[in-house]
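The values are calculated or read from the model by the stated rules, or taken from the named source; none is laboratory data. These numbers come from a predicted model, not from an experiment. Virtual Cβ from ideal backbone geometry, glycine too; neighbours counted across all protein chains shown.
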Ligand code: SF4
């Protein structure tokens, strides 16, 4: 296996080779791990709830339609260009969708700016989330921090972390780097954003997005295998489904206490004008994996965010026609999982990252 180091970072397909101990790469992150927020999160897929979400700072994709630029690039203003250039874009995170948040208990102190966090600190945070009733540990935009997260998970597991660990990423991953997480991650939850390289180049500056995502998803599946569900061991688990998200779920999946223990849960956000691309992705998933062995979370909540001056085609919500076409193909191909109501999201449903904090209420 390749020897990964922050001295010449190749943790993702950007393959910058940047020395992150003295500078940054495309993701604009140095060597000090930073956490934008950690919270008990009720806005993820029902089979992960309540999620002990840890939102990491930084992103290796920078999608122009990003909803969460405050966490992906808290040091920057929206609309800038990074050291590594790339296509015209605004700032983004791997986690493209606004997540509905229904509040959590007040869990700790607030900090306005993300501070550096050590591996031991991060391990303690995971254990704190477990103690507070999380059913899963939800690592949001973990890609630039694989080395530190691996260290933290190793420590936390030795100290009693037993919850399923969810790798919640943008899908633009290095399959080889993912091997670092083998045995530490239980559930992979990648976005699968684009089939077309034209679209991935235009909106995320990554012409090779689909090819890299294909390799990554195969590696994820190799590690975790077919989906497995089980009862949650979390003390705080068990809000009724309708209180949790704008998502619907088929019978037998994600119902109360059915927590995903292992597997691949692929998210796809349908974008305006790209439903044919989405349909091709549904075919790809069904052709590549036995459909019943993975889960699909189909998201309809795209909301225009920022000026999008150079991307007028993205300045609208998706239509019922577009969403129905994708839904229909997913159903035809036997892809089970979650289907979001088309009116599920508004910008008011985004987690508020402006107050920062490692364990804060977001009510
Ligand atoms: S994680 Fe960041 S620095 Fe490392 S290769 Fe990816 S974009 Fe470049």
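For the reader, a short list of remarks on this structure follows.
- Residue 167 vs. criteria in contact with a strand residue (DSSP E or B) (Cβ under 8 Å, 6 or more places away or on another chain) and either crowded, with 19+ Cβ neighbours inside 10 Å or more than 22 Å from residue 47 (Cα to Cα) (or both): yes
- Inter-residue pairs, beta-carbon under 8 Å, first farther than 14 Å from residue 60 by Cβ and at pLDDT 95 or above and in the range 4-21, second near the ligand (Cβ under 6 Å from one of its atoms) and not in a loop (DSSP other than H, G, I, E, B), 6+ apart: 8/18; 19/9
- Residue within the range 170-192 that is more than 19 Å from the chain's Cα centre (by Cα), away from the ligand (no atom under 16 Å from the Cβ), crowded, with 23+ Cβ neighbours inside 10 Å and at pLDDT 95 or above present: no
- The residue that is surrounded by the most Cβ atoms within 10 Å (Cβ to Cβ), among those in the range 6-28 that are farther than 17 Å from residue 149 by Cα and within 6 Å of the ligand (Cβ to nearest atom), is 25.
- Residue under evaluation residue 258, criteria (1) within 19 Å of residue 188 (Cα to Cα); (2) at pLDDT 95 or above; (3) surrounded by fewer than 21 Cβ atoms within 10 Å (Cβ to Cβ), criterion not met: (2)
- Verdict on residue 203 being crowded, with 23+ Cβ neighbours inside 10 Å, in contact (Cβ under 8 Å) with a residue 12 or more places away in the chain and not in a helix (DSSP H, G or I): no
- Boolean, residue 65 is more than 10 Å from the ligand (Cβ to nearest atom), touching a residue at least 24 places away in the same chain (Cβ under 8 Å) and under 20 Å from residue 172 (Cα atoms): yes
- Top-ranked residue of the range 127-159 - restricted to ones that are buried (at least 24 other Cβ atoms within 10 Å of the Cβ) and away from the ligand (no atom under 16 Å from the Cβ), ranked as nearest to residue 31 (Cα to Cα): 152
- All told, residue 354 meets the bar of being more than 18 Å from the chain's Cα centre (by Cα) and at pLDDT below 95.
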